[in-house]
Every structure is written in structure tokens, then in C-alpha cells.
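The values are calculated or read from the model by the stated rules, or taken from the named source; none is laboratory data. Worth saying up front: this structure is predicted, and the values here are computed from it rather than measured. Neighbour counts run over all protein chains shown; Cβ positions are idealised from the backbone, glycine included. Accessible surface is based on the protein model in full, side chains and every heavy atom, while ligands, DNA and RNA are left aside. Shrake-Rupley method; radii C 1.70, N 1.55, O 1.52, S 1.80 Å.
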Amino acid sequence: MSFLSKQFIDVIQWTEPEDGILAYRYPMEDMEIQNGGKLTVRDSQMAVFVNEGRIADVFGPGLYTLTTETLPILTYLMNWDKAFKSPFKSDVYYFSTRLQTNQRWGTATPITIRDKEFGAVRVRGYGIYAYKIADAKVFYQKISGTRDLYRVGDLEGQLRNTIVARMTDTFAQSSVPFLDMAANQGALGQKVADNMKPAFAELGLSLENFVVENISMPDELQQLLDQRIGMNMIGDMGKYTQFQVAQSLPVAAANEGGTAGIGVGLGAGLTMAQSMINALKPGEAPPAGPAPATGGGGPVAPAAPATETKFCINCGKGIPKNAKFCPECGSAQ
């Protein structure tokens with residue numbers, strides 16, 4: 001009765017039901033393969049026969065008749081002399097060898113590199129890559145194993161961490177300054193890909209494409225870089241200050257106090273700037289204030305303060321603060 005309950009397989013085939021499947025084990029429970037059965041391996045697929053835990057024959061795309069001629073390794077393992085007469089049981093695994101595109105990579109945290117211009121800086125990057133299974137035997141032995149289904153997502157973390165580790169090594173060996181990396185992203189991506197291909201090959205994979213979409217600094221460092229770029233764009237600070245004053249004159253004239261207010265502000269600003277410059281000059285003492293005058297053996301009362309002045313709103317000349325009209329141009333104040 002156990003013999004009658006078994007099912008005999010005449011055709012073995014598999015079509016991918018969805019994206020993201022790398023390995024699939026053909027269901028063989030209570031099933032045995034007939035002598036002369038057909039094995040179909042479609043384009044972008046590979047099939048592997050595993051007998052009692054040992055990898056036997058590997059098949060590329062094509063239609064195969066399962067005989068001792070097409071199963072040489074399995075024939076040796078099963079000790080078949082000329083041909084197997086009775087059905088046999090073996091595990092059959094299918095592997096998708098098509099390109100797995102649009103795989104994302106990125107640095108979870110910034111990586112520190114040594115830059116010729118800035119010294120030690122932290123950078124981060126992200127991009128996409130594409131790979132495929134190149135050696136189904138190695139992939140089965142090191143990655144997928146005996147699982148019924150192995151998906152792209154199961155391998156994503158391993159590949160992403162491998163990429164970031166190799167990127168750190170590539171940046172450390174690169175002589176490209178950070179400011180020039182944007183113009184050399186293509187060459188940088190190719191160099192990273194060349195360094196990573198051996199690591200992918202160890203897993204039975206082939207790295208087909210690697211793209212660096214962006215390389216940048218963390219936000220706080222990017223703000224400092226923006227400030228430095230802005231200072232370089234300004235150039236001559238003296239001319240920039242003159243330009244700013246010229247831009248503010250129409251605005252000041254429209255406000256209460258007119259150009260008189262801006263004149264006072266400029267005078268105070270220039271005085272303060274000159275004081276700071278004098279204070280920074282080494283070996284020069286600040287000018288001493290006037291000594292108190294003495295006469296008749298006693299101190300003389302300080303001189304009366306000068307009359308307070310203001311600026312004419314029309315011609316800008318200095319006039320007494322309480323004047324109603326400008327003595328120079330006659331305009332009302």
C-alpha cells in the first residue's frame with residue numbers, strides 16, 4: 001500500500017510566481033522521479049540535484065531527459081551500473097539567475113575619512129546596485145541551504161553591510177578630495193564595485209552594477225561648509241560692506257529720521273571698528289584721556305560739554321539739536 005500511495009514524477013519544472021525569489025525547493029514529499037522523466041530549466045534559472053545532503057548534478061537552461069547519461073554524478077553516488085530501472089528520490093532546487101535590480105544601499109551612520117583639504121571629515125552616501133546568482137552550487141552551500149524558499153530580502157542586510165565596509169576601505173585609499181567627489185561619482189562607484197566583486201563571488205553572486213547616487217556630510221558639517229563657501233563668494237569684505245551700506249540707504253531714507261539716522265549709525269560703527277583695530281595692534285597703548293587742568297593750587301572745573309548736534313535731513317550737515325531750520329540749506333527740520 002505504501003508503494004501505491006507514492007506519486008511518480010514525469011515532469012519537473014518551476015515558474016516564478018512573484019519577484020524577489022532566489023531559491024526554491026521542488027516539493028518531493030511522497031514523490032519519486034521516474035526513469036526518463038523530463039526536467040525543464042527555463043532561461044534565468046538553474047536546477048540542482050541534491051542526494052542525501054550531497055550536491056550532485058547542476059543544470060542550466062534547457063529540456064533534459066533524466067537518465068544515467070544526464071545524471072552522471074547522481075549515477076555515481078547511487079551506484080547505478082548502466083541505468084536506473086526503478087524510480088528514485090532526490091531533492092531538486094531551482095535558483096533564479098536573473099538580475100535583481102534596484103537594490104538600495106546606504107550608510108546607516110556617517111563614516112569618517114581623511115580628506116586632504118578638510119582633514120578628518122564624516123561623510124554618508126546612498127545609491128543602488130544590481131546582482132544575480134552566478135554559482136548555484138556555492139549559493140546553496142553558503143546561503144540558501146535546505147530552506148523551501150529563500151528571498152532577496154533575506155540577503156539584503158548581509159549585502160548592504162558588506163558594501164558599507166568596502167566603501168570605507170575605498171574612501172580611505174582614495175585620493176579624491178571631498179569637494180571633487182560629486183564630479184567623480186561614476187569613477188568612485190566603479191572603484192567600489194571592483195573592490196566588492198570578490199566578496200560577492202564568495203557567496204556565489206555576481207555584482208553587475210553599482211551606482212553612487214549621493215555623497216554628503218551630516219547636516220551640522222554641511223552648514224559649516226555652506227558658510228565657508230559663502231565667505232569665499234564674498235571675497236573682499238571691505239567692498240562687501242560698502243555694497244551693504246549702499247543697499248540700506250534707500251530703506252533708511254524712507255524711515256523716520258531718514259539719512260540722519262544712518263549717518264549716526266555709520267559714525268558709531270566706524271568708531272567702534274577703529275577702536276577694535278587699535279586694541280588688536282601689539283605694542284600700542286590706547287590714547288590717554290585729557291589730564292585735568294589745575295590752577296591756583298586747586299582743580300579746575302571740567303569744561304562744559306559741547307552743544308549737542310544733529311544732521312540735516314536734506315543736506316546732512318551738522319546743526320544744533322534744537323534748530324528748526326538748517327543754516328546751510330534752510331530746509332525745515
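Restricting attention to region 106-153, and to residues there that are within 15 Å of residue 216 (Cβ to Cβ) and among the hydrophobic types (A, V, I, L, M, F, W, C), which single residue is surrounded by the fewest Cβ atoms within 10 Å (Cβ to Cβ)? Steps first, answer last, please.
Pass one, region 106-153, residues within 15 Å of residue 216 (Cβ to Cβ): 106-113, 115, 118, 121-127.
Now narrow it down to the ones that are among the hydrophobic types (A, V, I, L, M, F, W, C): 108, 111, 113, 118, 121, 123.
Details: 108: 9, 111: 17, 113: 19, 118: 16, 121: 18, 123: 19.
Residue satisfying both the conditions and the ranking: 108.
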**Prompt:** Residues of region 124-174 being over 23 Å from residue 19 (Cβ atoms), outside any helix (DSSP H, G or I) and among the basic types (Lys, Arg), which ones?
**Reply:** 124
**Matching residues in region 79-109 - criterion: being within 26 Å of residue 145 (Cβ to Cβ) and β-branched (Val, Ile, Thr)** = 92, 97, 101
**Message:** Exactly one of these conditions fails for residue 67: (1) in a loop (DSSP other than H, G, I, E, B); (2) open to solvent by less than 70 Å² (accessible area, probe 1.4 Å); (3) within 25 Å of residue 149 (Cβ to Cβ); (4) among the β-branched types (Val, Ile, Thr). Give me its number.
**Reply:** (3)
**Prompt:** Among the residues of region 35-49, which ones are surrounded by fewer than 18 Cβ atoms within 10 Å (Cβ to Cβ), assigned to a strand (DSSP E or B) and under 47 Å from the mean Cα position of the chain (by Cα)?
**Reply:** 40
**Fill in**
Condition set under 17 Å from residue 63 (Cα atoms) and not aliphatic (A, V, I, L, M), scope region 17-34, selection surrounded by the fewest Cβ atoms within 10 Å (Cβ to Cβ): answer is 34
**Prompt:** Can you name the condition, by its number, that residue 16 falls short on among (1) out of contact with any Ser or Thr (no Cβ under 9 Å at 6 or more places or on another chain); (2) in a loop (DSSP other than H, G, I, E, B); (3) at pLDDT 85 or above?
**Reply:** (1)
**Request:** Within region 54-105, count every residue that is more than 30 Å from residue 213 (Cβ to Cβ), under 53 Å from the mean Cα position of the chain (by Cα) and aromatic (Phe, Trp, Tyr).
**Result:** 5
**Filter result for residue 113 (assigned to a strand (DSSP E or B), at pLDDT below 75, within 20 Å of residue 210 (Cβ to Cβ) and not charged (D, E, K, R))** = yes
**Message:** I'd like to check something: does region 82-92 contain any residue that is touching a Ser or Thr at 6+ places or on another chain (Cβ under 9 Å), outside any strand (DSSP E or B), farther than 30 Å from residue 166 by Cα and open to solvent by 20 Å² or more (accessible area, probe 1.4 Å)?
**Reply:** yes
**Failed condition for residue 102, given (1) of a type outside the set (A, V, I, L, M); (2) surrounded by 15 or more Cβ atoms within 10 Å (Cβ to Cβ); (3) assigned to a strand (DSSP E or B)** = (2)
